[in-house]
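The values are calculated or read from the model by the stated rules, or taken from the named source; none is laboratory data. These numbers come from a predicted model, not from an experiment. Neighbour counts run over all protein chains shown; Cβ positions are idealised from the backbone, glycine included.
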Amino acid sequence: MKVSKGSVDIDNDEERQINSIDTDDGKVDLSVTWDALKDLDGKVITEGYLRVTPHDGIVYGETTTSDKFLFGFCSTKGDINKDDFINMTDFSILMYFWKETNPKNTCADINKDGVVNLIDFSIMMYWWTR
């Protein structure tokens, strides 16, 4: 079943319309698009709660709130700690997870190939010098 009705918000911040919901395989795949969320100081928000309210255009359903989770906003340029700079802090994090597969800090795997390696280092170095 594919539905395109409903809305979501993150931490009661800014409500967005659901792009699509697909439940054909028994799982719920929810598609919503956000730019990187930022707090009042301009820092990227990395964790929060997701609230989903289904509706058919007339009647709103019951709102469901998720457990706290990390948002998947990772830099493709090497800003692993998300402070808007690529520097020694990011390099240190990269080295901490060096050669790990599926690292706990998923942002350390900059190119998302499942391992922190020379490719991630090269990407970081390219953007560090810009």
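Could you grab me the full set of residues in region 109-130 that are under 28 Å from Asp41 (Cα atoms) and part of a loop (DSSP other than H, G, I, E, B)?
If the condition is that a residue be under 28 Å from Asp41 (Cα atoms) and part of a loop (DSSP other than H, G, I, E, B), then Asp109, Ile110, Thr129, Arg130 are the ones that fit.
Can you spot a residue in region 62-79 that is on the phi > 0 side of the Ramachandran plot and surrounded by 13 or more Cβ atoms within 10 Å (Cβ to Cβ)?
Yes, because at least one residue in region 62-79 is on the phi > 0 side of the Ramachandran plot and surrounded by 13 or more Cβ atoms within 10 Å (Cβ to Cβ).
Filtering region 88-108 down to residues that are at pLDDT 95 or above and among the polar types (S, T, N, Q), which residue is farthest from Gly42 (Cα to Cα)?
Checking each candidate, the answer is Ser92.
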